[in-house]
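The values are calculated or read from the model by the stated rules, or taken from the named source; none is laboratory data. Remember, it's a predicted structure, so these values are computed and weren't measured experimentally. Heads up, the Cβs are rebuilt from the backbone with ideal geometry, glycines too, and the neighbour counts pull from every protein chain shown. With ligands, DNA and RNA removed, areas are computed over all heavy atoms of the protein, side chains included. Shrake-Rupley method; radii C 1.70, N 1.55, O 1.52, S 1.80 Å.
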Amino acid sequence: MAYKVFTAKLHECFGEIMVAKYFYLEVKNVFDTAFEEGEKVGIEKGIEKVAKALKEKNIAIEIIAESTGLSYEVISRI
């Protein structure tokens, strides 16, 4: 009888561990994705900030576009 109780408890604990592991992986995935997206947005904002500074110094749009990879339309809107 003790063996059956022990194995039932062990099975219950294993199930809880699997649920916890699944939850952890899901949460980690959300954080990783959010970090990557935030990093991309931050880089884009930084590039736009540099382009704006160059434009304010009357640097040719062609040079800004070539240097930053931004399109002429985006640079014109900045």
Among Leu54, Leu70, the single one that is open to solvent by less than 80 Å² (accessible area, probe 1.4 Å), of a type outside the set (Ser, Thr, Tyr), in contact with a helix residue (DSSP H, G or I) (Cβ under 7 Å, 6 or more places away or on another chain) and outside any helix (DSSP H, G or I) is Leu70
Expected output for region 67-78 (first residue farther than 7 Å from Ala51 by Cβ and modelled with pLDDT under 95, partner open to solvent by less than 70 Å² (accessible area, probe 1.4 Å) and not in a loop (DSSP other than H, G, I, E, B), Cβ below 6 Å, 6+ apart or cross-chain) is Tyr72/Ile61; Tyr72/Ala65
